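A short write-up of the structure that comes next.
Each value in this text was obtained by applying a stated rule to the coordinates, not by laboratory testing. Quick caveat, the model's predicted, so the values are computed rather than measured. Cβ: placed from backbone, ideal geometry, glycine included. Neighbour counts: every protein chain shown.
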Amino acid sequence: MEHEGSLSELEALIGYTFQDIKHLETAITHKSFVNEKMVGRYMSYERYEFLGDAILEFIVSKYLFENYQTMPEGDLSKLRSSLVCEFTLSKISRDLRFGEFARFSKGERQTGGANRDSILCDMFESVLGAIYLDGGMECATAYVERFLLQDIEHKQRFHDAKSKLQEYVQKHKINLQYELLAEEGPDHNKQFTVRVVLDGKEMARKVAHSKKTAEQYAAFETLELLHQPTGKR
């Protein structure tokens, strides 16, 4: 099976119906699938991702410029970076189940391509490029606003969680440890369990598809427990 879900189901998840479904097919086709099939009619998502990356930066920049009118340029850049980073975009793509619908070679899927943050991040942008080509800037903007430009402050706090927790423990002279408790599952679907320990006390325990992501979740939850705003010093 090339992908596990139907394209109409994916359209429903992203809230957009394509006039030309080939745009969506291309946006979820990994280069490994193209190389495996060796048929000229297939194209990978890479060119769509290139286009989507530029469109995403424009849409987010315009939104922040219009809605944060007193924020200095440097802070606008930091906020934009927290929104368009790999971690944030891959999380959205994972929630939308892009990895399930994507077309991979058998080997790429078996080795975890469908769960890889870098690929999922690229697919958020390639789908954006596909929507733009199919429906124009208004539809592309609606996609970004629906999935990315909601609860911006929460996304920023989450993005900054590890650095803010580090600042907190340094200020209060607390010993911070991230402990890897378990690494389970096959190579293509690893699950990492990580906990945050402050001065010997467990504060949070989280499970994710990568050690880095589990640490990020645990740091964020720890800051919430400490009632420490992660967006402020």
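Note on the chain: GNM, Cα springs under 10 Å; of Glu167, Glu125, Glu25, the largest mean-square fluctuation is that of Glu167. Angle between the Cα long axis of helix 211-225 and the longest principal axis of the chain, 0 to 90 degrees, nearest 10? For 211-225 against the chain, the angle is about 50 degrees.
For the stretch 15-161, the Kirkwood hydrodynamic radius from C-alpha pairs, put into Stokes-Einstein at 25 °C and a viscosity of 0.890 mPa s, yields a diffusion coefficient of 155 µm² per second. On C-alpha positions alone, give me the angle between the axis of helix 73-83 and the longest principal axis of the chain, in degrees, nearest 10. Rounded to the nearest ten degrees, it is 70.
How much net charge surrounds Tyr217 when only the other residues with a Cβ under 12 Å from the Cβ of Tyr217 are counted, with Lys and Arg +1 and Asp and Glu -1?
Values: positive: Lys91, Lys162, Arg195, Arg205, Lys206, Lys211, Lys212; negative: Glu215, Glu221, Glu224.
In short, +4.
Using the 2.2 N^0.38 Å rule of thumb for compact globular proteins, work out how the stretch 76-233 stacks up: its C-alpha Rg over that value, please.
Details: Rg = 17.6 Å, N = 158, 2.2 N^0.38 = 15.1 Å.
Compactness ratio reported: 1.17.
Using the Cβ-Cβ distance between His154 and Lys31 with R0 set to 30 Å, the FRET efficiency from 1/(1 + (r/R0)^6) comes to roughly 0.35. Full extension of the chain segment joining Asp187 with Ser8 gains 61.4 nm, where the gain is 0.36 nm per residue of separation less the Cα-Cα distance. Packing here is the average count of other Cβ atoms within 10 Å per residue, and on that basis the peptides 28-34, 16-22, 207-213, highest first, run 28-34, 207-213, 16-22.
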